[in-house]
Amino acid sequence: MNVLVVGGAGYIGSHCVRQLTAAGHRPVVADNLVFGHRAAVAEDVPFYSVNLGNESEIGKILRKEKIELVMHFAAYAYVGESVTDPLKYYFNNVAAPLHLLRCMIGSGVKKFVFSSSCATYGIPATMPITEADPQSPINPYGQTKLDVENALKAFAVAYGLSFAAFRYFNAAGAAEDGGIGEDHTPETHLIPLAIDAAAGRRPPLQVFGNDYPTPDGTCLRDYVHVDDLSRAHIAVFEKLTTPGTQLFYNLGTGTPTSVLEVIRAVEKITGKPVPHAFAPRRAGDPPALYADSSKAQRELGWTIQFPDIESIVATAWKWHESRPGGFKP
Ligand code: UFG
């Protein structure tokens, strides 16, 4: 299929572009390069530097490239910033996708894959989290993802849009060949910060809270490899042929891993200590978030190729070791 990948130069989008090519599809990337990296996308993939709000430009791309399905990865994802500057998040994460969707529907492109988040669940009452659990976000970032999910439901009914919304847990790792990986500015995610602390490129890691009601007192998260995530996006294509299809899937390994366990995995893989110190809890961090992804496994035949934290960290380390400056030369 001809697939427009919006945000295809970002962390998860760029891995999905590679997986699309590997699976025999034809990705086309649209990315305004605010956070994306041109170098994260192969030269031979058609690339448009464009804003989603520009419906006439997006419409031209849909027609020119004969797009059959659109994937959306172009969200802002700093939870703390979404609290202090929610307008930025509502404009980019809600208004911009609405422009894109209006343009798609007007052009007759009615298949959509949306990157949603476990942040839509807020602080769940039970674990692991299933797709049927209540969605009650505790920050504007999670709310913007839920708002788009709800818009998609209405568009499926009214316009025959077929969509899948994937609720990611903690995306992590890098391409196995080390060619692309995580490069955020600023970087806030645990694994790249721990690797950089081990390599001496950043100050000691701060462990945000060691008084949580968890086995070692630090937060539990469900780290899922970015290529495993990407493969689910492609496995869903055949489910989107019936107009009005609505699909929701959690994507995680289901294994809760604590911050201290991540540190130990980084130490084992890099062979270096991770200097770290305990710090106060970070506002808005739920104690534990991990997924029941059995629905994706059952319905999409989704398999997890990186089931444990060490195999995920090993790919991240390969990327950070070979490209300490990320995509910068
Ligand atoms: N952590 C530290 N020190 C750090 C960074 C993180 O202790 O310097 C801890 C956090 O407190 C948390 C865990 O490591 O317990 C993971 O933190 P990340 O920032 O790597 O990831 P989050 O779980 O906060 O965020 C992820 C996605 C977000 C999404 C969120 C939903 O990156 O996009 O899950 O809860 F919104």
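The values are calculated or read from the model by the stated rules, or taken from the named source; none is laboratory data. Note that the coordinates shown come from a computational prediction; the quantities given were computed from them, not determined experimentally. Because the Cβ atoms are built from the backbone with ideal geometry, glycine has one as well, and the counts that use them run over all protein chains shown.
Condition first: more than 26 Å from PRO27 (Cβ to Cβ) and buried (at least 21 other Cβ atoms within 10 Å of the Cβ). Can you find one or more residues in the range 120-127 that meet it? Give the derivation first.
Narrowing the range 120-127 to residues more than 26 Å from PRO27 (Cβ to Cβ): 120-127.
Still in the running and buried (at least 21 other Cβ atoms within 10 Å of the Cβ): 120-121.
For the range 120-127, residues more than 26 Å from PRO27 (Cβ to Cβ) and buried (at least 21 other Cβ atoms within 10 Å of the Cβ): present.
So which residues in the range 165-185 are more than 8 Å from the ligand (Cβ to nearest atom) and of a type in the set (S, T, N, Q)?
The answer is THR185, and nothing else.
Collect the residues in the range 290-325 that are modelled with pLDDT under 95 and under 30 Å from THR84 (Cα atoms), keeping them in residue-number order.
Matches in the range 290-325: GLY325 only.
Hey, can you tell me all the residues within the range 238-263 that are of a type outside the set (S, T, N, Q) and under 27 Å from PRO124 (Cα atoms)?
Residues of the range 238-263 of a type outside the set (S, T, N, Q): 238-240, 243-244, 247-249, 251-252, 254, 256, 259-263.
Across the range 238-263, the qualifying residues are LEU247, PHE248, TYR249, LEU251, GLY252, GLY254, PRO256, VAL259, LEU260, GLU261, VAL262, ILE263.
From PHE237, PHE155, PHE169, which residue is crowded, with 20+ Cβ neighbours inside 10 Å, among the hydrophobic types (A, V, I, L, M, F, W, C) and within 20 Å of the chain's Cα centre (by Cα)?
PHE169
I'd like to check something: does the range 144-160 contain any residue that is out of contact with any helix residue (DSSP H, G or I) (no Cβ under 7 Å at 6 or more places or on another chain) and of a type in the set (Ser, Thr, Tyr)?
Scanning the range 144-160 turns up no residue that is out of contact with any helix residue (DSSP H, G or I) (no Cβ under 7 Å at 6 or more places or on another chain) and of a type in the set (Ser, Thr, Tyr).
Any chance you could count how many residues in the range 135-164 are in contact with a Ser or Thr (Cβ under 7 Å, 6 or more places away or on another chain), more than 19 Å from VAL70 (Cα to Cα) and within 11 Å of the ligand (Cβ to nearest atom)?
Count: 5.
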